[in-house]
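Data block below; observations after.
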Amino acid sequence: MRGHYNFVFFKKTGRSDSIMLLITGGAGFIGANFVLGWLAGCSEPVINVDKLTYAGNLDTLGSLQHDQRHVFVRADIHDRETLNHLFAKHRPRAVLHFAAESHVDRSIHRPEEFVQTNVVGTFTLLEAARAYWNQLTGADKDRFRFVHISTDEVYGTLAPDAPPFTETTIYAPNSPYSASKAASDHLVRAYHHTYGLPTLTTHCSNNYGPYQFPEKMIPLMLTCALAGKPLPVYGDGLHIRDWLYVGDHCAALRAVLARGQPGETYNIGGCNEKTNLDVVHTLCAALDRIKAKSSGTYADQITFVADRPGHDRRYAMDASKIERELGWRPAETFETGLEKTVHWYLDHPDWVNRVISGNYRNWVELNFKLHPAPRTFFSEIAQGASAKTVWGSMRAE
Ligand code: NAD
Ligand code: TYD
């Protein structure tokens, strides 16, 4: 997708009957899958607030370019003024908070950004949501939900024979990433206990599937395999993760939004505990089958590299609570989910190439730096918001 991206805006018909979701981080991997799945399944509009860091990719949302139900606002969740404005204007019935710095390796090199976005940003969003919720009344107030998307990594690491994490496992985060997510979880919990804000927190395991940025293990291995590059397995490759297909995760979040109890937390797992080496071998076998090399196997490219500092050995999820209480369980096995993922990456070379080349950022540069004139198609300005507020929050970093 090149050139202009038409931000589409939802023309509201009234204030009090507004039914819409406010999503943060909806240009990232899971948030975008959620938005695409949501709008494929129902008519309720979405306001999508995303800063467009390196992890935000509007190519992913290209199919919504002309969809009146999708409002995209480039904004930082630290920007309280813009958040206040968006809450007041769109009056969402729920917030789904995906926005975060999400990559463990980056958190080891540059932890500051993780504290800023994951802790301070979540705090700012909670404050804006609380102020908005406080002035709601009646049914609008009762139905409001704040869904906070967290991670299994807050629970720390498990011994090989230890039982999986449950919702009551004591927090023991080990990386700057997981520590910052843990801090945000505590704030969310406190906002429920202190102020009564109807929050729900979910802890998911490692997601994989379409539109994942190829810094995370599965898309990284896939893209390296196809490019004939080494497949860098950290340490001995025997670290264990539980793999969750992103479509299953989004279905779980819809169940939490619809039927979850405020104040509760829910683990969301894929029932797929695998060593990293198993994952890479399964991936290589799938590629050998679907897109064989002229000689040898993709597994020949596996290379052991230095381990990640503080690398958690094992994560495993007990997701029985969400199955018991909300009737959700994953539909995909690891094999079916991985097969879909491999096909998706093979079928979308343009998306992959624009990420690898960095060209997916061109849209941001083009629209947010080179053409700073107020854009009449942009919903907030078009509908009377202060241009200063909107433009200030839309500037490229
Ligand atoms: P991602 O890194 O792909 O996307 C994050 C999105 O948030 C990007 O679009 C980015 O532009 C946006 N963002 C970052 N900082 C922002 C800010 N200050 N203001 C507004 N937007 C900002 O992440 P993801 O993999 O989609 O993860 C989504 C959520 O799920 C995160 O909260 C993450 O901690 C959690 N999670 C992810 C996984 C996984 O396997 N990917 C596993 C467990 C939990
Ligand atoms: P990752 O996708 O970064 O997710 P997380 O660290 O949040 O679990 O990594 C998944 C696993 O794969 C983790 O144990 C680290 C390992 N890994 C590699 O072995 N090589 C790589 O190049 C990457 C990115 C990860």
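Just so it is clear, none of the values below were taken in a lab; they were calculated from the coordinates. Since this is a predicted model, take the numbers as computed values, not measurements. Neighbour counts run over all protein chains shown; Cβ positions are idealised from the backbone, glycine included.
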request  = Using a 10 angstrom cutoff on alpha carbons, build the Gaussian network for the chain and name the most mobile of S295, S320, S150.
outcome  = S295
ask   = What percent does the relative contact order of the chain come to when contacts are Cα pairs within less than 8 Å and at least six residues apart?
value = 18
note = Surpassing 20 Å at the alpha-carbon level, of the pairs K51/K181; K274/K340; K229/K291; K141/K321; K216/K340; K181/K216, are K141/K321
note = Largest fluctuation, H203, H343, H109 only, Gaussian network model of the chain with Cα springs under 10 angstrom, belongs to H109
task = Return the calculated 222 nm mean residue ellipticity for the chain, to the nearest 500 deg cm²/dmol, obtained by summing -39500 (n - 2.57) across DSSP H runs with n ≥ 4 and dividing by the residue count.
result = -11500 deg cm²/dmol
query = Taking the DSSP beta bridges in the chain as the whole, what percent of them are antiparallel, to the nearest 5?
reply = 10
message = Rounded to whole Å, give me the distance from the Cα center of the stretch 49-106 to that of the stretch 172-236.
response = 18
query = What longest range of the chain stays clear of loop-exposed chymotrypsin sites (Phe, Trp or Tyr not before Pro) (DSSP non-H/G/I/E/B, at most 16 other C-beta within 10 angstrom)?
reply = 172-376
query = How do M217, M317 line up, fewest other C-beta atoms within 10 Å first?
reply = M217, M317
